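Here is the structure we will look at.
The values are calculated or read from the model by the stated rules, or taken from the named source; none is laboratory data. As the structure is a computational prediction, the values presented were derived from the model and not from experiment. Backbone-built Cβ (ideal geometry, glycine too); neighbour counts: all protein chains shown. Protein only, heavy atoms only, side chains kept; ligands, DNA and RNA dropped before computing areas. Shrake-Rupley method; radii C 1.70, N 1.55, O 1.52, S 1.80 Å.
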Number of protein chains: 2
Amino acid sequence: MMPSPIRDILKPRAIAIIGASRDPAKRGYRAIEALFRQGFAGIIAPINPKEKEILGLPCYPNLAAVPHAIDTALVCTPAHAAPGVIAECGAKGVKGAVLLAGGFGEASDAGAELEARTLAAGQAHGVRLIGPNTNGIFDAHTGMNLVGWPGIYKGALGVLSQSGNVAMSLMTSSIRNGQAGFTTFVGVGNESDIRFDEYVRYFGEDEETRAVIVYAEGFEDGAGFVAAARAVTAIKPVVLYKAGRTRQGEGAARSHSGSLAGDYAVGRAAMRQAGIVVVERSDEMFSVAEALSHHAGRAALRIGILSEGGGVISQAADALAERGLQIPLLEPASEALLKTISPNASQLFNPVDYGGATDPHPRYLAPCTRAILADPNIDALLSVGYAGGYQCRNDTDAIREGENQAAREMVAASREFGKPIIVQNHYAEWNTEAMRIMREGGIVVVRSIEVAAACLAGLDAHHRGLARKAAAASPPVPEPAPEALAIIGAARTEGRAALLEPEALRLLAASGIAVPPFAILTRDAPAVPGALAAAPVAIKIISPDILHKSDAGGVRLGLQGAAAIADAASAMLDSIGRALPDAILTGVLVTPMARKGVEVILGIVSDPQYGKAMLFGLGGVFVEVMNDVVFRTLPLARGDAEEMLDEIKGRAVLDGIRGGPAIDREALVALMLTLSGLAAAHPEITEIDLNPVILDASGYTIVDARILLA
Amino acid sequence: MMPSPIRDILKPRAIAIIGASRDPAKRGYRAIEALFRQGFAGIIAPINPKEKEILGLPCYPNLAAVPHAIDTALVCTPAHAAPGVIAECGAKGVKGAVLLAGGFGEASDAGAELEARTLAAGQAHGVRLIGPNTNGIFDAHTGMNLVGWPGIYKGALGVLSQSGNVAMSLMTSSIRNGQAGFTTFVGVGNESDIRFDEYVRYFGEDEETRAVIVYAEGFEDGAGFVAAARAVTAIKPVVLYKAGRTRQGEGAARSHSGSLAGDYAVGRAAMRQAGIVVVERSDEMFSVAEALSHHAGRAALRIGILSEGGGVISQAADALAERGLQIPLLEPASEALLKTISPNASQLFNPVDYGGATDPHPRYLAPCTRAILADPNIDALLSVGYAGGYQCRNDTDAIREGENQAAREMVAASREFGKPIIVQNHYAEWNTEAMRIMREGGIVVVRSIEVAAACLAGLDAHHRGLARKAAAASPPVPEPAPEALAIIGAARTEGRAALLEPEALRLLAASGIAVPPFAILTRDAPAVPGALAAAPVAIKIISPDILHKSDAGGVRLGLQGAAAIADAASAMLDSIGRALPDAILTGVLVTPMARKGVEVILGIVSDPQYGKAMLFGLGGVFVEVMNDVVFRTLPLARGDAEEMLDEIKGRAVLDGIRGGPAIDREALVALMLTLSGLAAAHPEITEIDLNPVILDASGYTIVDARILLA
């Protein structure tokens, strides 16, 4: 694999500090101090025309005066100087510049213009830009600390963040944890040049990074990030916390980062389709990523719970069930084995309570763990209560050593069976020796039962994402049908962005979607084809000037017989012609009345961030009142379509209610896949609205179709 | 107020340890040790016939040998000895006994019998029982530590728990917090004698307790607890975490405590109606209670957010919005004031980001806090980011003292304006001096943004509970109508537990509920009254032996004209008579076809734990597919009924959809209140099912009524 072009910037051998300072309050001083403290082994070149020496290092008047090659420049000078500084970097052959200053596009129009000039300078001189408006970058493995924060631990977590504050919060979690640390952190800032997608690809390639944490408020290019992340999640887990999920949060996020949030429902779907693990609590981000850094690819759906007392096992069972995880029965042999280990146990079935009449003791811990992990019904173990914290209650040598030994054996069992263990402990903040042994061995130890459950849910989400990838290659984009292109071309020639309904029906039919038979009646050709006259029909006005047909009196239902239909069509043309004399009335569409069945809506929307997405929901009150719709971005894989059917709240309707038959799921899935292919084949189509589609046991009927062009 | 009779047991002057031991591994040793360590100032009397002295205290062979009066006995002896021990306690005049042993009703039928005998002994000898199967009790203010846990801090939180493990988790939270501690803890155990309701009343009366935490898996008497808590929450907050919310959690809980969970939806409604703050994450319990112990009764709906950087303010805005809290605009004067305080602030409107071009500094903190708290649009402040933790980043005397001073001024501002402050801090676990100042001054400091938001939501929930209490006294129970009693009496005489539909309609009418006109046709009286023959009607078979009328061919709709109706009725009696020759066919009910409108279901259910509750939901697919129903326990106050209308997911339907008019809310609320009164007036009615009721702009029509008797 070709190394990422930004690797040299994030793992520099030589760093220039532009705007270096002798003032300890200034960033140009603190950065150098942090590089020393963190043990950065490369060259540090302070640049400041007014100084000769800073912190014992020779200080250069400008980049040109530096006698070595420079990989990365930390630019501490104000915003207005940026284009000049970047040009200077280019002349020196600097590979990348970290622009700390704010006051660019996020601040004002003038700032946006300055940002554009800075970017142009970078492109002209071959200098990649990180930021501007960034907190900086660090790499814990090389000691390249350009953020100035103390106490950054080395580990396996890569961090990509739109907020320094949020990244700092992850650092403090790491310090408290004591074992889980970082590879590289990038404050993406305004994403002027290098964007989320390029960074996440870098993390995908970086061998030291075993899980990537992404904090985002909005993306410059959401679809690009999703595409990059889709490739990365096949190799390692990506955990995303997205702020701006609510209208209030979005408002706060936009004013902070200036970036566009997009629709969260579409965005969340896009992220999950790409295999990203989406967390929605800031206090779960770190632990979920830690768990994934150890156990990526392992299932964690069927959980064994182990404790030495009640209470917490009830809480754990609730927390798992609320996250869709299962607490299966153990095999009888496992229960029998548990009984031999802890004969007085209060509960030998899952959830297992090995406490009992006697006081709990760490000696039960490892054998119970092994017994549960060995069970074929179990994917992972959740230990709740005191495990790892006995020594906080009773700090004798025997207890401490017993518990440390139990921790070692739990680590060994997790490795032997290839199954994750998450430990919730009331004393987690004490960080005992046993906990350090566990954490070093890949067992995540947390204080909160709910966070522990979230870790397991995160493992399972990543595992399901991998399974989805393995099952479904992205379907190929079909060739557009010549007739479809002709219909679109004709509409565009007439300057129309909305297809007329018969055009939409013909386009769908040309693309392989079944549409009902229809006829167009006009004043010149008012005759109803015999096939349509036999059963009740609906008639609808066809006009490029009428958006809401019903409101304009342009819909009549349940007509029957050639004469009645022709009369009604003629009357409709007359009355609308009188009411809207300027409207072009193309004719009247005649279609059979739909069979009874389940009403759904199916459509294609275009999200400003994530591109085209399919929308699916139950029609009628479900969409109007309950907003029961789900999204998936295109291209839709079969698994996506099937998930959409299962994800709507009213899913029971599809299985048949009140004694009605189940709908033809296969026909619906096929329709969705064909519609996805159609939308992919025609970039010029921005919106498709099939509303309603009537489903029954033998297929689907499209009752109304609307297609918009770019 | 009469002091609670259990006060002397929980605040004993003299304690006997029955089953005292010299073995440091035994509870009978550790309890004495804990009493010493915790500084218990009263008398401790170890009882053990085999010992003369334990831990320097004289040991007595039996209770009778103790030369002082004893208030509380800690019983460490095995279960089987309990009845005898309790009798001995009675002879000595012991007021209460804490029974640690398990092996009673939670374990087996024999254990249940032993528990009954133990209770009988207590009642016979005037000894109140705590437990059995309890972890014990402590009182941090007197040092009465009978649980043996170390490090119990004195404070204002009372704890009532069905799990020692969960209580222990609260203790460790308190130790980490450093400021928030406890009054009294009771492990309720099997609730053999003293139950949740009596304990919670005690906490209501205890002046040192400012908030009560309740952990419950199930109740022996849920309705009793709710009634007691309803009284207590008028005086001080009660925070409840209920395990067993899910089927899995309930299973785990039942096998642990042996108690019946009841329906969580009904239980949660009952708790909230009683003014209890219900939390559904174990990791929020402690902090929410801490916040309430300081700020009970204060509103926290309209939140000002303050930070020194973006990112976290977006996260905070999401977390508040997701919990239904608001982030209102500040007054222009407040924004202007903020600008004078921090001219370079990134964002001067709410959420306020006082960071900016310059590095953030604690000097902005207190004046910004004051400016926001002084704003009339703001109920409470959420500070996110670093406030209180600057000294972790930059530990100079100036920063530390500046921040400590800011903390003092924030405390003063919170008091001056009578508005709560919650601080989220990335360094919360460092517990800085500034944080200690804050916590001592009633500012809750937490690590998690979501927990901080939960604290505010908890404050607001308690405040709303108080407002509800103030608004709505419990409605008086009406007298039962004589005709209603006669109908019930007649059905009982005939041994029927279900009223026939015309009986149900007459009972409803007699109780002041409007029912449609109806007639009963029989073979002997087949004539249709003229008033009913004029419009389409529905006919339904009346039979005590037919439960599902439609399935039996006992429903026909849309009949019109006296002859057609009479014929159909006769045919129905014939065909059902043939099909079900043993069924008693009382006649055929004739009612007008209902007008079109919004279909709802309204009913009374009887929950095994919480008694009678009203059920309300939208009919049709809403209830069948979406399970969109809400509950409130009886008696229903007007505010409860109005909340029910707003709580269903499909509430928009009631306001009119698709251009339809809004329903007559007032008529619906009146119906609900009358139905509640009816159910309260008739203890013998266990279930009422009005399904459907059709609502429109002019009132309601009951289409089907079903009433069950005990």
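Please state the relative contact order of the stretch B:91-248 as a whole percent: Cα pairs under 8 Å, 6+ residues apart? Provide the component values of the computation, followed by the final result.
Details: 310 pairs, mean separation 33.0, N = 158.
RCO, the stretch B:91-248: 21 percent.
Ranking of B:T396, A:T184 by solvent-accessible surface, largest first: B:T396, A:T184 (1.4 Å probe, protein heavy atoms only, all chains present).
For chain A, the longest principal axis of the C-alpha atoms and the axis of helix A:264-273 are separated by about 70°.
How charged is the neighbourhood of A:L292? Take every other residue with its Cβ under 14 Å from the Cβ of A:L292, and add Lys/Arg as +1 and Asp/Glu as -1. Present the calculation step by step, with values, prior to reporting the outcome.
Working: positive: A:R210, A:K236, A:R298, A:R464; negative: A:E284, A:E290, A:D460.
Residues close to A:L292 contribute a combined charge of +1.
3J(HN,Hα) along the stretch B:23-37: 8, x, 7, 8, 4, x, 9, 5, 5, 5, 4, 5, 5, 4, 4 Hz, from the Karplus curve 6.51 cos²θ - 1.76 cosθ + 1.60 with θ = phi - 60°, whole Hz, x for Gly and Pro. Note on A:H125: accessible area approximately 80 square angstrom, rounded to 10, probe 1.4 Å, nucleic acids and ligands left out. Comparing each chain alone with all protein chains together (probe 1.4 Å, DNA, RNA and ligands left out), the residues of the stretch B:314-329 losing at least 20 Å² of accessible area are B:S314, B:Q315, B:A317, B:D318, B:A321, B:E322, B:I327. Taking the Cα centre of chain B as origin and assigning +1 to Lys and Arg Cβ atoms and -1 to Asp and Glu Cβ atoms, the resulting dipole is close to 1000 debye.
Count the net charge of all other residues whose Cβ sits under 11 Å from the Cβ of A:A454, scoring Lys and Arg as +1 and Asp and Glu as -1. Once all neighbours under 11 Å are counted, the net charge is -4.
A 1.4 Å probe run over the protein chains yields, for the stretch A:517-593, 51 Å² of accessible area per residue, whole-number rounding. Scalar couplings 3J(HN,Hα) for the stretch B:374-385, obtained by applying the Karplus form with A = 6.51, B = -1.76, C = 1.60 to θ = phi - 60°, are 6, 6, x, 7, 10, 8, 7, 10, 10, 9, 10, x Hz; x denotes Gly and Pro. Annotation: amide H of B:V446 within the under-5 Å range of B:V423, B:Q424, B:N425, sequence separation 5 or more or interchain, hydrogens built in the peptide plane. Of the solvent-accessible surface of the stretch B:153-296, computed with a 1.4 Å probe over protein heavy atoms with every protein chain present, carbon and sulfur atoms account for 42 percent.
Using the 1.4 Å probe convention, the accessible area of the stretch A:1-135 works out to 44 Å² per residue with neighbouring protein chains retained.
For the residues of A:155-166, the average number of beta carbons from a partner chain within 10 Å of their own beta carbon is 3.
Ranked by the mean number of other Cβ atoms within 10 Å of their residues, highest first, the peptides B:39-50, A:94-105 fall in the order A:94-105, B:39-50. In chain A, the DSSP beta bridges split such that about 50 percent are antiparallel, to the nearest 5. Counted by Cβ distance under 13 Å from B:S606, the other residues give a net charge of -4, where Lys and Arg count +1 and Asp and Glu count -1.
Here the accessible area of the stretch B:482-592 is 58 percent carbon and sulfur, with a 1.4 angstrom probe and all protein chains present.
Rank-order A:283-296, B:687-700 by packing density, defined as the average count of other C-beta atoms within 10 Å over each peptide's residues, highest first. Can you show the working numbers first?
Working: A:283-296: 26.8, B:687-700: 19.6.
Going by the mean number of other Cβ atoms within 10 Å, highest first, we get A:283-296, B:687-700.
The modelled label-to-label distance for the pair B:A81/A:T493, using points 7 Å beyond Cα in the direction of Cβ, is 10.3 nm.
Per-atom-type breakdown for the stretch A:298-471 gives carbon and sulfur 52% of the accessible area (1.4 Å probe, protein chains only). Take the alpha carbon gyration tensor of chain A, find the square roots of its eigenvalues, order them as a ≥ b ≥ c, and report rounded if a/c is under 1.5; if not, report prolate when a/b exceeds b/c, else oblate. Here chain A falls in the oblate category.
Between the stretch B:166-194 and the stretch A:334-393, the alpha-carbon centres lie 25 Å apart.
Considering only protein heavy atoms, with the full assembly of protein chains and a 1.4 angstrom probe, order A:D353, B:D193 by accessible area, largest first.
Output order, biggest surface exposure first: B:D193, A:D353.
If you take the accessible area of B alone, add that of A alone, and subtract the area of the pair, what total do you get in Å², probe 1.4 Å, to the nearest 100?
So the total buried area for this chain pair works out to about 5700 Å².
Answer rounded, prolate or oblate for the stretch A:298-471, using the Cα gyration tensor with square roots of eigenvalues a ≥ b ≥ c: rounded when a/c is under 1.5, else prolate when a/b is larger than b/c, else oblate. Cα axes put the stretch A:298-471 in the prolate bin.
Label positions at A:D545 and B:D397, each projected 7 Å from the Cα along the C-beta direction, are separated by 8.5 nm. Protein heavy-atom accessible surface, 1.4 Å probe, per residue over the stretch B:153-296: 25 Å².
In the complete set of protein chains, residue-level accessible area for A:D551 is approximately 130 Å², probe 1.4 angstrom. Interface residues of the stretch B:623-644, defined as those with an accessible-area decrease of at least 20 Å² between the chain by itself and the complete set of protein chains (probe 1.4 Å), are B:E624, B:V625, B:M626.
Normalised by the number of residues in chain A, the average gap of Cα pairs under 8 Å and 6 or more apart makes the relative contact order 8 percent. Converting phi to 3J(HN,Hα) with the Karplus coefficients 6.51, -1.76 and 1.60 and the offset θ = phi - 60°, the stretch A:509-520 yields 5, 5, 8, x, 9, 6, 10, x, x, 8, 9, 10 Hz in sequence order, with x at every glycine or proline. Counting only residues 5 or more places away or on other chains, whose amide H sits under 5 Å from the amide H of B:E687 once H atoms are built in the peptide plane? Here B:L708 satisfy the definition. Note on A:M593 and A:T522: their simple-model spin labels are 2.9 nm apart, each label 7 Å out from Cα toward Cβ.
Counting, for every residue in B:280-290, the Cβ atoms of other protein chains within 10 Å of its Cβ and taking the mean gives 4.
Lys/Arg Cβ at +1, Asp/Glu Cβ at -1, dipole of chain B taken about the Cα centre: which of B:T246, B:L466, B:Y364 is farthest positive-ward? Most positive-ward Cα: B:Y364. Close amide-amide hydrogen proximity is noted between B:R13 and B:D71, each under 5 Å apart and 5 or more residues distant or on a separate chain (H modeled in the peptide plane; Pro and chain starts excluded).
Along the axis of the charge dipole computed for chain B (Cβ charges of +1 for Lys and Arg, -1 for Asp and Glu, origin at the Cα centre), the listed residues B:H682, B:G660, B:A216 are led at the positive end by B:A216. Quick check on the protein assembly as shown: take the gyration tensor over C-alpha atoms, sort the square-rooted eigenvalues as a ≥ b ≥ c, and tell me if it's rounded (a/c under 1.5), prolate or oblate. Oblate, because a/c is 1.5 or more while a/b does not exceed b/c. Residue ranges A:651-664, B:66-79 sort as B:66-79, A:651-664 when ordered by packing (mean number of other C-beta atoms within 10 Å per residue, highest first).
Residues of B:305-311, mean number of Cβ from any other protein chain within 10 Å of their own Cβ, rounded to a whole number? Please report the intermediate quantities before stating the final value.
Numbers: counts 2, 0, 3, 1, 7, 13, 18.
Mean inter-chain Cβ contacts per residue within 10 Å come to 6.
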